[in-house]
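Nothing in this text is a laboratory measurement; each read-out follows from the coordinates by a stated rule. These numbers come from a predicted model, not from an experiment. Cβ coordinates were reconstructed from backbone atoms using ideal geometry, including for glycine residues, and neighbour counts include every protein chain displayed.
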Ligand SMILES: [Zn+2]
C-alpha cells in the first residue's frame, strides 16, 4: 500500500516538473518571437543583421542576470546602457529624454520608435540606439568587431558576442535551449556528485566538475547548441574541448581519448553531436594517459563580463539525463 502511494506521488511530481519546464520554455519561445520581430524591425532601419542584435542582446541579458550592480531587465531587450552613457557624461540631467540635448552632451541615447523621446527604458529606443552605434562603424563583421571592442574594451566579451553571432546566424532562430547528456544513455557509465572534492595531483585544488566514469572510446557528445571555443592539451585536463552556448555557460570536456574527425575551433555544434571519446589523458606532458581510470570530466562555467567561475554541473546532468530518457520513451 505504502509503495503504491509513493509511486503515485513520484508520478505526480514528475508530471508537474515536466509541465513547469514545458511552460517556461513556451513562455521563452513567445518572448523570443517578439524579440526577433524587434531585431528585424531595427535591422530594416540600420542594416545591422538581426543575429548581431540578438547576440549583443543575449550577451547583455546573460551578464545582467548574474550581476548585482546592474538593475534587472524589465522589457524584452536585455541591453543595459548606463544613464551617463545614455544622456552624456556632462549632461546635468541623467534622466534626459530629449534626443537633441542628449546629442549636445555627447550621449548615445536615440529615439527608435519615433515618439520624439529617447527613453532609456524603452525596448525599441535601446535596441535602435545600440544598432545605430554599431552602424556608425560599418555594417560588416570586421567593423562590428571594432565597434564592440571600443564599447566593451574586453577581448573575452567581444569573443563571446562574435560566437553568439555565428551560432544565431547558423541556426537562423533564437530557440536554442535544448540539451543532451554528454554520453549516450545506452552506454555503461556512472557518476555521482563530487563537487568540491579534494584533488591530489598538481597541488591543492578542488574538483570543479563531475566525473562520468565509462570505458575507453565511449562517445562524448556536445550537451548544447554552441561554438567550439577551445580544443587541445592541458597538463591537468589532457585532451580537452570547450564549448560555449548562448545561455552563459562554457562547457568543458576533459581527459578525452581523442576528438571526433574534423572537429575544429570555431565549429558550431548542436546537442548530441559527437565531439570525441572517453579516455584517461592528462596529468603530464602531451600524450600522457592511464594515470587514473578512464572518465569524462565535465565542467561548467559562467561569465559576468569581468570574470569567469565554475558551478556544479551535477544537477544539470541529472536533468538532461532525465529529459533525454523521457524523450526516448515518447
Ligand atoms: Zn574530474
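The table below lists the values:
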| quantity | calculated |
| --- | --- |
| Principal-axis tilt of helix 141-152 within the chain, Cα atoms, nearest 10 degrees | 80 degrees |
| Linear extension gain, residue 95 paired with residue 19, 0.36 nm per residue minus alpha-carbon span | 23.1 nm |
| Highest-MSF residue in the chain out of 127, 185, 12 [GNM, Cα springs under 10 Å] | 12 |
| Average Cα contact separation per residue, segment 54-149, under 8 Å, 6 or more apart, as relative contact order % | 18 percent |
| Calculated SAXS-style log₁₀ I(q)/I(0) at q = 0.06, 0.12, 0.13, 0.16 Å⁻¹ - the chain, Debye, Cα scatterers | -0.27, -0.92, -1.02, -1.32 |
| Alpha-carbon centroids, segment 200-277 and segment 96-163: separation in whole Å | 35 Å |
| Amide N of segment 19-43 lying under 16 Å from the label point, which is placed 7 angstrom from the Cα of residue 319 along Cα→Cβ | 19-29 |
| Percent of beta bridges antiparallel (DSSP, the chain, rounded to nearest 5) | 100 percent |
| Whole-number percent relative contact order across segment 244-292, with pairs defined as alpha carbons under 8 Å at least 6 apart | 33 percent |
| Order by protection proxy (mean Cβ within 10 Å, highest first), peptides 119-125, 239-245, 212-218 | 239-245, 119-125, 212-218 |
| Degrees separating the helix 155-171 axis from the principal Cα axis of the chain, which is the longest one | 80 degrees |
| Label-to-label distance, nm, for residues given as residue 288 and residue 26 (7 Å Cα→Cβ offset) | 5.3 nm |
| Mean separation of Cα contacts under 8 Å, 6 or more apart, over the residue count of the chain: relative contact order % | 13 percent |
| Cβ-derived FRET efficiency at R0 45 Å, residue 7 paired with residue 84, nearest 0.05 | 0.15 |
| Residues 16, 130, sorted so that the one with the fewest Cβ neighbours within 10 Å comes first | 16, 130 |
| Gyration tensor (alpha-carbon) shape descriptor, segment 189-329, a/c threshold 1.5 | rounded |
| Nearest 10 degrees, 0 to 90: helix 2-46 Cα axis against the chain principal axis | 40 degrees |
